[in-house]
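Working notes, structure below.
The values are calculated or read from the model by the stated rules, or taken from the named source; none is laboratory data. Because the structure is a prediction, the values reported are computed rather than measured. Neighbour counts are summed over all protein chains in view; Cβ atoms, including those assigned to glycine, are modelled from backbone coordinates with ideal geometry.
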Amino acid sequence: MGSKIKATIRVDVEEMRLLDLKDFAPFQGKLKELSKENYTKLRKQIETLGFSEPVSVWKNGTKTYILNGHQRLRTLQVMAGEGVDIPKIPAVYVRAKDKAEAKRKVLALTSQFGNMTTEGLFEFATEAGIAFQELADNFRFPEIDFKKYQEEFYDEKDKEVEGEVEFSEFIGEMNNYIVLVFNNDMDWTAAQSFFEIKTKYATRTTGKEWSKGVGRIVDGSKIMKVIT
C-alpha cells in the first residue's frame with residue numbers, strides 16, 4: 001500500500017453575525033457591474049425566495065468589507081431607498097492576513113468552476129416543475145443562451161411528437177392494477193434491477209434525446225410468479 005498524502009486544509013471562517021445594511025463596506029471596486037436587467041432579476045429572486053445565503057465579509061479595523069455578496073447588497077440598498085424594510089443580514093466573517101489576501105479571496109469566492117449544461121438545466125428544471133419563463137425571468141447563468149435554450153428545449157413542434165419511452169406492458173382499460181410505492185432509493189433501485197425495469201429516453205424531432213423516463217408498468221401475473 002502506498003503512503004497517504006498528509007495535508008492540512010485551513011478553515012478561515014470565524015463566525016456568523018447579523019448586521020445592518022449600513023455596516024457593510026464595498027471592497028470589489030469596478031470588478032463587476034450590475035445591469036438594469038440583472039438587477040430586476042436579482043430583486044425578483046430576493047423577493048420570491050428570500051435572502052438565502054450569508055454575505056462573506058472581512059473585518060479590518062472598524063470596517064467590515066464585503067468579500068462576496070456585493071450585488072445582492074446593492075440591490076437591497078436600492079430597495080431600502082424605495083422604503084422597503086430591510087432586515088438584518090447574515091454575514092460570515094472570513095480571516096485574511098492583509099488586504100492583498102482579502103482581495104484574492106474576493107476572486108476565489110466569485111470564481112465559478114463548474115459549467116452548467118443546457119441538458120442538465122432542462123432536466124433539473126423539469127424535475128422541479130420550473131417553466132421556461134420562470135427560468136428566464138428570475139435566473140441568470142452565463143453559460144446558457146436562453147434564446148437558444150428555448151428553441152432547443154421548448155420548440156412547439158416537440159409538443160406534437162409522441163414520446164418513445166418504453167414500458168414492459170401497457171395497462172388496458174379493463175385491467176386491474178396496484179401501485180407499489182418505494183419510500184427510499186435503495187428499494188426502488190433493487191426493484192428496477194429485479195424486474196428489469198429500464199430507463200429510456202424519448203426522442204425529439206431533431207433526433208436528440210428529449211426527456212428521461214422509467215418504465216414502471218409490468219405484467220402483474222409475471223410478478224406473482226416471481227414472488228411466489
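Remarks
- Subset of segment 108-152 (residues that are under 27 Å from His70 (Cβ atoms) and touching a residue at least 60 places away in the same chain (Cβ under 8 Å)): Thr110, Asp137, Asn138, Phe139, Arg140
- Qualifying residue in segment 66-79 (condition: out of contact with any Gly (no Cβ under 8 Å at 6 or more places or on another chain), more than 30 Å from Asp137 (Cβ to Cβ) and either surrounded by 13 or more Cβ atoms within 10 Å (Cβ to Cβ) or among the hydrophobic types (A, V, I, L, M, F, W, C) (or both)): no
- Exclusive hit being among the basic types (Lys, Arg) and at pLDDT 95 or above, set Lys22, Lys32, Lys44: Lys22
- Every listed requirement among (1) modelled with pLDDT under 90; (2) under 27 Å from Glu47 (Cα atoms) is met by Lys148 save one, (2).
- Positions within segment 5-29 being under 18 Å from Val78 (Cα atoms), among the charged types (D, E, K, R) and outside any helix (DSSP H, G or I), in sequence order: Asp20
- Flag for Arg104 being in contact with a strand residue (DSSP E or B) (Cβ under 7 Å, 6 or more places away or on another chain), outside any loop (DSSP other than H, G, I, E, B) and over 30 Å from Ile130 (Cα atoms): no
- Only one of the numbered conditions (1) assigned to a helix (DSSP H, G or I); (2) surrounded by 14 or more Cβ atoms within 10 Å (Cβ to Cβ) is violated by Thr48, and that is (2).
- When Ile130, Ile144, Ile89 are checked against the criterion of being farther than 20 Å from Trp58 by Cα, touching a Leu at 6+ places or on another chain (Cβ under 8 Å) and surrounded by 13 or more Cβ atoms within 10 Å (Cβ to Cβ), a single residue qualifies: Ile144.
- Subset tally (residues that are surrounded by fewer than 16 Cβ atoms within 10 Å (Cβ to Cβ) and not charged (D, E, K, R)) for segment 20-33: 5
- Residue in segment 59-66 that is assigned to a helix (DSSP H, G or I) and either at pLDDT 95 or above or farther than 30 Å from Tyr149 by Cα (or both) present: no
- Listed conditions (1) touching a residue at least 60 places away in the same chain (Cβ under 8 Å); (2) in contact with a helix residue (DSSP H, G or I) (Cβ under 7 Å, 6 or more places away or on another chain) are all met by Thr64, apart from (1).
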